[in-house]
1. Which members of the stretch 259-284 meet the condition of being within 30 Å of residue 306 (Cα to Cα) and free of Cβ contacts under 8 Å to residues at least 60 places away in the same chain?
2. State whether one or more residues within the stretch 250-265 are more than 15 Å from the chain's Cα centre (by Cα) and within 26 Å of residue 187 (Cα to Cα).
3. Of the residues 123, 98, 160, 165, which single one is more than 23 Å from residue 42 (Cβ to Cβ) and within 16 Å of the ligand (Cβ to nearest atom)?
4. Cβ contacts < 7 Å: first residue within 20 Å of residue 9 (Cβ to Cβ), restricted to the stretch 37-66; second residue at pLDDT below 95 and part of a strand (DSSP E or B), any location; separation 6+ or different chain. Result?
5. Filter the stretch 1-50 for residues that are assigned to a loop (DSSP other than H, G, I, E, B), under 29 Å from residue 272 (Cα atoms) and away from the ligand (no atom under 13 Å from the Cβ) and give the result.
Ligand code: SAH
């Protein structure tokens, strides 16, 4: 995805109907507005630091951050206190983010983000970080690899892992490294990290590697560099890594539960009352896409990691 010449993200804007896939902030402004309200409340819970790092990992077109900033205006002082730091590898997306947001600092990784209180957001970022896959064949674990001839297998030193022949297990060591580093920051500086992505609450075997082009699934080896290759996020593994870093982690909830608790239906009703019939239909469709049980609502999960001395933020831990 990040190859300087052939990387999928390096040369294109992949989002929207014309692109390859759609993300929540591109579906409706409400998504970013509700995350913005959450951020404003989180900043309040941090004791309203006069200066803090508002960090986004993989900001795409910058739509989510723009909507967060718009909605967080309900909290006086938030905007003035926020220093915006964006972790983005794609030159073309950095350019789009700059056009939309202006005053921000770009980073290759979180390592270069300055010290200080932290509010970190990542939507559909971790699914794009590479994984390793292992398959059990004839009683032995082999690593699935990609070569010039297609998929192949390499011997793996994994013989202690549980599983039956044919099982596939996935590990995201780079994902865990990033989560651990965020955890370490939250141990050192006051803050919260909100992670939103598709995935599962508990580690389980299964092949979730997928490639998407023009809104269709394609084979992962089909036209390398021309499709978005991702896999589901293992929230249990991510939670472990946050804790190892020294942060407190709360059980992830579904995107549906998060958005409904944050006022999805109220906000949609207000926007609807000002809209014409056509826009009302689009809005209703967007709400269903974001929160519908068979659409993004249950597949996507929301997790929060916090500094150990900060309260658990709403709506985590509410029934
Ligand atoms: N959050 C946005 C975009 C999600 S797509 C949205 O919801 O619309 C994934 C984003 O992560 C893109 O901006 C992509 O360029 C960025 N990205 C993927 N891998 C990355 C990496 N290793 N380092 C930095 N950015 C990365």
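The values are calculated or read from the model by the stated rules, or taken from the named source; none is laboratory data. The structure presented is a predicted model; accordingly, all values stated were derived computationally and were not measured. We place every Cβ from the backbone using ideal geometry, glycine too, and count neighbours over all the protein chains shown.
1. Here is the first cut: in the stretch 259-284, the residues within 30 Å of residue 306 (Cα to Cα) are 259-268.
260, 261, 265, 266 - these are the residues of the stretch 259-284 that are within 30 Å of residue 306 (Cα to Cα) and free of Cβ contacts under 8 Å to residues at least 60 places away in the same chain.
2. yes
3. Details: 123 fails: more than 23 Å from residue 42 (Cβ to Cβ); 160 fails: within 16 Å of the ligand (Cβ to nearest atom); 165 fails: within 16 Å of the ligand (Cβ to nearest atom).
When all the criteria are applied, what remains is 98.
4. Going by the 7 Å Cβ cut-off, the qualifying pairs are 60/15; 61/15.
5. 17, 18
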